[in-house]
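This report concerns only the one structure given below.
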Amino acid sequence: MKDLKVLMITTSHDQLGNTGEKTGIWLEELAGPYYQYLDKGATITIASPKGGSVPLDPKSELPEWQTEHTKRFNVDQDALALLKNTAKTADIEPSQFDILFFPGGHGPMWDLGDNAEVAQIVNAFDENDKPIGLVCHGVAALKGVQTKNGTPMVKGRRLTSFTNTEEEAVQLTDVVPFLLETELINDGAIYRKGDDWSEFVVEDGNLVTGQNPQSSVLAAQKTIALTLVS
């Protein structure tokens, strides 16, 4: 396998609406894919809109949400250092990377969608048919991304994301700025979903989307597989 260069873009946002609670990246959605790439010998760059230190959703660090990946991440000094020193998305040169991946957590709902810098990176990967992986609320990064002819990038493409019923289950329907499933459908996406909290990934060309935290590892694996056939 060639020396893969992976760009992971995370949120810089740490406030859960006006609730006074903290949010950020959901740790498993970062750690699971991170080790799929690292263990294949990839060089990983983590970027965020503001750069520097990025927030982890404190709930994702609770014992009931720990996995083999999160436990490994929490004692991995190299990984922790990357989270404290992320690059700014404005400084990213997409041509230097082979795979683009967006972890979720509720933070992306506020700062990755309708983001011109993020859209420019997504378009650069898409136009060159490079793998783009997004999981859970990380799929919000596609909101506002348009093709050269001005149509939504998601129009006519098969994908998934955190579902409206999963949002209802965590009682944040009235907190998030928009419902991701609804927004994607309104933009013309061919939306697919599995059972709530089950592993479910949709692949459409170079676009790989995962529904929820349970889908993060498989989504990353599918982006790697795409590089093997390119």
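The values are calculated or read from the model by the stated rules, or taken from the named source; none is laboratory data. Just so you know, these numbers come straight off a predicted model, no measurement behind them. All Cβ positions, even for glycine, are placed from backbone atoms using ideal geometry, and neighbour counts span all protein chains on display.
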Report summary line: Just one listed residue, out of A141, A124, is touching a residue at least 24 places away in the same chain (Cβ under 8 Å) and surrounded by fewer than 21 Cβ atoms within 10 Å (Cβ to Cβ), and it is A124
Report summary line: Per the filter on the range 1-49, residues surrounded by 24 or more Cβ atoms within 10 Å (Cβ to Cβ), in contact with a Phe, Trp or Tyr (Cβ under 8 Å, 6 or more places away or on another chain) and hydroxyl-bearing (S, T, Y) are T10, T11, Y34
Report summary line: Taking the range 48-65 and keeping residues outside any loop (DSSP other than H, G, I, E, B), over 16 Å from the mean Cα position of the chain (by Cα) and at negative phi leaves P58, K59, E61, P63, E64, W65
Requested in this report: Would you please list the contacts, defined by Cβ atoms under 7 Å and residues six or more apart or on different chains, that run from a residue in the range 213-229 that is without any contact (Cβ under 8 Å) to a residue 24 or more places away in the chain and under 26 Å from E166 (Cβ atoms) to a residue that is surrounded by fewer than 21 Cβ atoms within 10 Å (Cβ to Cβ) and among the polar types (S, T, N, Q)?
Outcome: Q214/S198
Query - Inter-residue pairs, beta-carbon under 6 Å, first farther than 10 Å from G156 by Cα and in the range 176-197, second surrounded by fewer than 15 Cβ atoms within 10 Å (Cβ to Cβ) and at pLDDT 95 or above, 6+ apart - result: D196/T165
**Report entry** Check on V135, touching a strand residue (DSSP E or B) at 6+ places or on another chain (Cβ under 6 Å) and closer than 22 Å to K22 by Cα
**Finding:** yes
Requested in this report: Among residues belonging to the range 171-220 that are out of contact with any Ser or Thr (no Cβ under 9 Å at 6 or more places or on another chain) and at positive phi, point out the one that is surrounded by the most Cβ atoms within 10 Å (Cβ to Cβ).
Outcome: W197
Query raised in the report: When you go through (1) over 18 Å from P33 (Cβ atoms); (2) surrounded by 21 or more Cβ atoms within 10 Å (Cβ to Cβ) one by one for T223, which number turns out not to apply?
Result: (1)
